[in-house]
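Here's the structure we're looking at; comments come further down.
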Amino acid sequence: MSGVLVTGATSFLGSHVVRRLNDRGVRPRVLELRDSDRRPLEQLDVEEAEGHLEDPAVVEAACAGVDTVLHTAFRVRMGGGARTVEEMRRVNVLGSERLLTAAAANGVRTAVVTSSALAIGVNRRPEALDESADPAEHAFPLPYAVLRGDAERASLALARPGFTVVAVCPSFTLGPDDPVGAPANGLVRALLTGRVRVRIPVGGFGCLDVRDFAAGMLLAAERGVSGRRYLLSGDNVTADGFLEQVAAIGGVDPPRLRAPVALLHAAVAVAGLVSRLRRKELPVAPEVLQLLGRYAWYDTTLARTELGWSPRPLTRTLEDTTAWLRAAGSQPHRSGRGARS
């Protein structure tokens, strides 16, 4: 990779991709969304493009003189209202098409697009899904997941001879050095500080270290087969197992109470009614309830065999994440039993 453009370098995923490039001695060009907080770039060695990713002229200029595009800039919203869906479609789907079209026109040879494991689906059985999962059986209808899948398909459709396009699909991603407060890290922080009072009856999910995501992104650029998607995920755990691991590593008591499924459905229904009365969108789409009792577990054989990718164990990720959160100022609530430094 003689010249690299990274979009979304201010994000959790994108910042680690840049860190990985910097470790290799590569100083990438970076391009951000319109409203991105640029402060995380101060910790990275980058060439910052003028303007923002939503300006077609800026995108054209940013693609000039690079041979690889690593696309991690996406709008992440868990709501499902019309305005939210339209915004995500404009930025994630149409924005990806615009970027890759400009990249191909400017002679870029390889583009890697970040999708999501949720775009592949979730399982009603405790069995891992791979890239060939049947969407009719396993599709997860949360608008965010649907649109990530739409962006992935639109991007892969632009592949052609001389222009390789690959997608990577990360699972629930956590890890240290988080400039934005990723949801998985927020869950770990809440557990450490005693703010998680009940267990949510989600079956399970795959966990991914952000540093392994960055490694997989670069391997996909170097070795990925054009037009192909690669799942990136580490240990598959039950939701209860994840809570127990975090509690054991953090030296805190895990929550004991379990939220009744009926109560969760009722809470979402009430929140929906209140939102309609106030003429505001729900912050979380009701479709998220379809995760209850289901398994977001993934089989990463394809990435391991074709890319030579290998993730670290979840225990190590949780140890590093816990240490980083504490050093960054998230002092956990310590229980009387099992506490350790």
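No value in this document is a laboratory result; all are computed from the given coordinates. From a predicted model like this one, the values you see are computed outputs, not experimental measurements. Cβ placement follows ideal geometry from the backbone for every residue including glycine, while neighbour counts extend to all protein chains displayed.
Tabulated results
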{"read-out": "Label-point separation in nm, D177 to V76, each point 7 Å along Cα→Cβ", "value": "1.7"}
{"read-out": "Sequence ranges 150-161, 311-322, 129-140, ranked by mean other-Cβ count within 10 angstrom, highest first", "value": "311-322, 150-161, 129-140"}
{"read-out": "Convex hull projection area averaged over all views, region 1-70, Cα basis, nm²", "value": "4.2"}
